[in-house]
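Just below is one structure, and these are the notes that go with it.
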Amino acid sequence: MIFLLYLSYINMNCQPVRFLTPKRFQLNGLWFLVPKSKQVIIFVHALGGAMFWPSLVYKLADSRTSVLTFNNRGHDKISRLICWDKKGKQHKSLAGSAHEVFTDCVDDIQGAVNFCKKQGFKKIILVGHSTGCQKSIYYLAKTKKQNQIAKVILLCPISDYADAISFHKKEVKKAESLALKLVKSGKKHQLLPPEVWPNLHDAQRFLSLFTPNSQEEIFCYATPFRRPATLQKVIIPIILVFAQKDEYLDRPLSEVVKWFEESLAGKNAIIKIIKNANHGFFKREKAVIDIIKQATEK
């Protein structure tokens, strides 16, 4: 009821939408359209997450801003992905956080960007949360038209590898050995057995998330031998928002912030820290919303 009252208060229409990516994969989303708004936020959800974050996402819409939140192909644990060929025939495959291929995020996000551009929006802002941060940065580094995005906002840009190797080193090494064997034998989408790795990931997904040389290890503060080349390819303004009590941090937040400051030296980057917040910003959503709205006013 509160949700409906809020939509009515700001004269906003909310509707489910479907759009095709450039590679013709079908994605579902929620479109919070505010009439006469001049900019749009595209929300990129976290690993295994989904388009729904009612305490935060829809409240980003206001008289100036519409919002598109969508299920990228990494939504939920295991999901079904539909691709349409040029003859109109469906092809189905498995996706979700267990089976998605990280680099496909470029196609997903470009599909969302194309949808917003077709609605007439010229100012587009990316907001990524958790692994959605890696996806947003990777997309920007790979796209030939970075300037089609006005700025990117990263909520809890934390390394999945750093967290795993710090707290589960033996398990990670054992699972890595098996995952490498599976990929080499042509079984990259075979799930790792629970006695080896308790989380639901296939071989290639595990290697992408939890090995130091993967393309997904963009925030490489746990791998000092790596230069953050992907992050440093971003030329648009970046706003980074950290949670002071993020439960996925493997080291003091001050060290992570220092790494980002050094990695982004000379860039148009702003770092914010939300006190007493966890990774999901539970009960601190308003502080996140305020930062995002302040950042999008300019």
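Derivation of every value follows stated rules applied to the coordinates shown; laboratory data play no part. Since the structure is predicted, the reported quantities are computational estimates derived from the model, not experimental observations. Cβ placement follows ideal geometry from the backbone for every residue including glycine, while neighbour counts extend to all protein chains displayed.
Assorted remarks:
- Rg(Cα) / (2.2 N^0.38 Å) computed for the stretch 92-167, rounded to two decimals: 1.22
- Two-decimal log10 I(q)/I(0) for the stretch 19-100, as the Debye equation yields it once each C-alpha is a single scatterer, q = 0.14, 0.20, 0.22, 0.23 Å⁻¹: -0.54, -0.89, -0.98, -1.02
- Remark: the PHE167-LYS118 segment gains 13.1 nm on full extension, using 0.36 nm per residue and subtracting the alpha carbon distance.
- Ranked by the mean number of other Cβ atoms within 10 Å per residue, highest first, peptides 106-113, 56-63 order as 106-113, 56-63.
- Volume per residue for the stretch 229-298 equals 94 cubic angstrom (convex hull of Cα atoms).
- Calculated FRET value between ARG24 and VAL257, using beta carbons and R₀ = 30 Å, to 0.05: 0.15
- The phi torsions of the stretch 148-163, fed into the Karplus equation with coefficients 6.51, -1.76 and 1.60 and a -60° offset, translate into couplings of 6, 10, 6, 6, 10, 10, 10, 9, 6, x, 10, 6, 5, 4, 4, 4 Hz, rounded to whole numbers, with Gly and Pro shown as x.
- Each label point was placed 7 Å from the Cα along the Cα-to-Cβ direction; for LYS38 and ASN268 their separation is 1.6 nm.
- Once the C-beta distance of VAL196 and ASP62 is scaled by a Förster radius of 51 Å, the resulting FRET efficiency is 0.60 to the nearest 0.05.
- Helix-only [θ]222 nm of the chain, DSSP H runs n ≥ 4, -39500 (n - 2.57) each, per residue, nearest 500: -9500 deg cm²/dmol
- Approximating the spin labels as points 7 Å out from Cα along Cα→Cβ, the GLN215-to-LYS144 distance works out to 1.7 nm.
- Multiplying the residue separation of LYS298 and HIS91 by 0.36 nm and removing their Cα-Cα distance gives an extension gain of 70.2 nm.
- Seen from a random direction on average, the alpha-carbon convex hull of the stretch 165-266 projects onto 7.8 square nanometres.
- Two-decimal log10 I(q)/I(0) for the chain, as the Debye equation yields it once each C-alpha is a single scatterer, q = 0.09, 0.16 Å⁻¹: -0.43, -1.39
- Segment TRP84-LYS184, extension gain: residue separation times 0.36 nm, minus the distance between their alpha carbons: 33.0 nm
- Tail weight of P(r) past 23 Å, computed on alpha-carbon pairs of the stretch 13-162, percent: 31
- 3J(HN,Hα) from dihedral phi, the stretch 62-70, Karplus parametrisation 6.51/-1.76/1.60, rounded to Hz, x for glycine, proline: 8, 4, 9, 10, 9, 9, 10, 10, 9
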